[in-house]
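To keep things clear, I will list the structure first and then write my remarks on it.
The values are calculated or read from the model by the stated rules, or taken from the named source; none is laboratory data. A quick note: this is a predicted structure, and the numbers were derived from the prediction, not measured. We place every Cβ from the backbone using ideal geometry, glycine too, and count neighbours over all the protein chains shown. Heavy atoms of the whole protein, side chains included, go into the accessibility calculation; ligands, DNA and RNA do not. Shrake-Rupley method; radii C 1.70, N 1.55, O 1.52, S 1.80 Å.
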Amino acid sequence: MPQDNRKKPAGRYSKKPEISYRKEKKPNKPYRRTSQLPLDDSHLVQRDLIADTKGPFSICKLKSTTRHPTVFRKRIAEVTPQPKHGDIVKVVADDGKFIGFGTWNPRAEATVRILRWEEAPPTVDWWKESLRRAIELRTGLMNVDKNTEAYRIINAEGDGFPGLVVDRYGPVVSVQAFTLGMYQRAESIAKEVCQILGLKHWVVRPGPSTIDQEGFIASGMDSGNVPTHIKLTEYGIKYIVQPFEGHKTGFFCDQRDNRVKLRDYCKGKTVLDLCCYSGGFSLNAVHAKATSVTAVDLDEGAIEFAKQNAKLNNANIKFVHADAFAYMRDMQRNKTTFDVVILDPPKLIRNHDEEKEGQKKYFDLNSLAANLVNPGGLLFTCSCSGLLDWNDFTMTVRAATSSRNPVMLQRTGPSADHPVAMNCLESDYLKCLWMTLP
């Protein structure tokens, strides 16, 4: 068993939400989830990365071999001795053949997340080198920091860190941990990333569904004295980023290249930006000299946030606080159309139970949006639901817009700083279709 060399986290900036749960009987098998109650705070204390090197390690035997970084509970044959929540375990096949080392959480259906495939545990040097390699990929090969101060440093499985995303916003490193194992190591990772980049400010936020997916509720942490508002420049446009608030880690770095590409279609055009959030697409449309830009969002806070960004850039944008469905129906009744329509809704499918309903929402949204596009105009439509694959999304949009005989110009995904591991293609979550409607 690894020694419990863990430390208490840095000062947390928010309280945990109150929530109640019904108790269940404890299942017989040791790797089964033991309760629906959230994990005790003792499981949330931060770990030094050096603790991961100390063995002996529990052996997690699978029913068959795998090269996928996610190991679901049903694939596990046995684990001995019983590891602690968040521990590093050695993963082997049923015949004893080595597979890898990963973090253990018996409360999650995705019980093991494999970190390292070599026959050596993830040492401190391994963590440091892996983080440095990911950073150098962005600042070296990609040269992504040439045109932006906001970019992704760690993209979960794409960089070999399942359950972890890290973004840089100027002087601040923003970390989001989706798994228990990564949450326990988030402070150490944030500090190491800061050291590599020569920064001092960091923020850690838990993922939005940790209680449902990982069985824990946690608060955020930060380095102290972190600026609540950061002014950044991306391809000539200024943005305000709020690392403690907002969706994801505070900003959508994944749409950066698509925001710039949109400029090619907006000069002299009327533009509608549905689900505008912080106004990124709208600002790029204005930058491209669109004749008018209308931005719509149901989230009142997002509208106010977008207005701040518009003011920062002296951009003339009409903001509408409304539900996208209702707004599009009103425009259709009023026979109001646009040259360019942008549809970038939030994630509509969060789990398999929501697939059918979520796909219907994508159909309805795109059907309404297509009716608002002028003949010869552009519909730029997106999905960030990882459970809806490229083919299903494309077929859904095709069915929704078939009455307009759409022509696909291009399919794009996230910016290159969001790489996808070839052994985890389902992490290719962002799908964007560029279509002209005759």
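Only one of Val203, Val193 is in contact with an Asp or Glu (Cβ under 8 Å, 6 or more places away or on another chain), among the hydrophobic types (A, V, I, L, M, F, W, C) and either more than 23 Å from Leu348 (Cβ to Cβ) or assigned to a strand (DSSP E or B) (or both). Can you tell me which?
Exactly one residue qualifies, and that residue is Val203.
Could you tell me whether any residue of segment 303-326 is within 17 Å of Cys266 (Cβ to Cβ), of a type in the set (Phe, Trp, Tyr) and open to solvent by less than 40 Å² (accessible area, probe 1.4 Å)?
no
Name the single residue that is most open to solvent (accessible area, probe 1.4 Å) among those in segment 77-98 being over 27 Å from the mean Cα position of the chain (by Cα) and of a type in the set (A, V, I, L, M).
Result: Ala77.
Which numbered condition in (1) touching a residue at least 40 places away in the same chain (Cβ under 8 Å); (2) over 17 Å from Ile189 (Cα atoms) is the only one that Gly100 fails?
(1)
Restricting attention to segment 335-348, does a residue exist that is farther than 28 Å from Val144 by Cβ and surrounded by fewer than 16 Cβ atoms within 10 Å (Cβ to Cβ)?
Yes, segment 335-348 contains a residue that is farther than 28 Å from Val144 by Cβ and surrounded by fewer than 16 Cβ atoms within 10 Å (Cβ to Cβ).
Residues are listed down the side, and each one gets a yes or a no for (1) of a type in the set (Lys, Arg); (2) open to solvent by 40 Å² or more (accessible area, probe 1.4 Å); (3) more than 30 Å from Lys61 (Cβ to Cβ):
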| site | (1), (2), (3) |
| --- | --- |
| Pro106 | no, no, no |
| Ile114 | no, no, no |
| Ala120 | no, no, no |
| Arg138 | yes, no, yes |
| Asn143 | no, yes, yes |
| Ala150 | no, no, yes |
| Glu157 | no, no, no |
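Does Cys275 satisfy the condition of being at pLDDT 95 or above, touching a helix residue (DSSP H, G or I) at 6+ places or on another chain (Cβ under 9 Å), of a type in the set (A, V, I, L, M, F, W, C) and farther than 30 Å from Asn143 by Cβ?
Answer is yes for this residue.
For segment 343-384, how many residues meet the condition of being modelled with pLDDT under 95 and β-branched (Val, Ile, Thr)?
Matching residues across segment 343-384 total 1.
Condition test on Thr436, is it part of a helix (DSSP H, G or I) and either open to solvent by less than 60 Å² (accessible area, probe 1.4 Å) or under 24 Å from Phe252 (Cβ atoms) (or both)?
So Thr436 fails the test.
Here is a list: Ser209, Ser219, Ser223. Which entry is of a type in the set (Gly, Ala, Ser), open to solvent by 20 Å² or more (accessible area, probe 1.4 Å) and closer than 24 Å to Leu39 by Cα?
Only one candidate passes the filter, namely Ser209.
Is at least one residue of segment 53-64 assigned to a loop (DSSP other than H, G, I, E, B) and surrounded by 17 or more Cβ atoms within 10 Å (Cβ to Cβ)?
There is at least one residue in segment 53-64 that is assigned to a loop (DSSP other than H, G, I, E, B) and surrounded by 17 or more Cβ atoms within 10 Å (Cβ to Cβ).
Run down Met331, Met422, Met395, Met408 and say which single residue is assigned to a strand (DSSP E or B), aliphatic (A, V, I, L, M) and either open to solvent by 10 Å² or more (accessible area, probe 1.4 Å) or out of contact with any strand residue (DSSP E or B) (no Cβ under 8 Å at 6 or more places or on another chain) (or both). Break it down stepwise before answering.
Values: Met331 fails: assigned to a strand (DSSP E or B); Met422 fails: assigned to a strand (DSSP E or B); Met395 fails: assigned to a strand (DSSP E or B).
The match here is Met408.
What about Ser415, is it touching a residue at least 40 places away in the same chain (Cβ under 8 Å) and either of a type in the set (Gly, Ala, Ser) or closer than 23 Å to Cys276 by Cβ (or both)?
yes
If you check Lys289, Lys269, Lys200, Lys261, which single one turns out to be farther than 23 Å from Val173 by Cα, without any contact (Cβ under 8 Å) to a residue 40 or more places away in the chain and either within 22 Å of the chain's Cα centre (by Cα) or open to solvent by 50 Å² or more (accessible area, probe 1.4 Å) (or both)?
Sole residue among the options that is farther than 23 Å from Val173 by Cα, without any contact (Cβ under 8 Å) to a residue 40 or more places away in the chain and either within 22 Å of the chain's Cα centre (by Cα) or open to solvent by 50 Å² or more (accessible area, probe 1.4 Å) (or both): Lys289.
Checking Asp417 against (1) modelled with pLDDT of 95 or more; (2) farther than 24 Å from Cys253 by Cα, which test does it fail?
Only one criterion is unmet by Asp417, namely (2).
I'd like to check something: does segment 317-338 contain any residue that is on the phi > 0 side of the Ramachandran plot and more than 22 Å from the chain's Cα centre (by Cα)?
Taking every residue of segment 317-338 in turn, at least one turns out to be on the phi > 0 side of the Ramachandran plot and more than 22 Å from the chain's Cα centre (by Cα).
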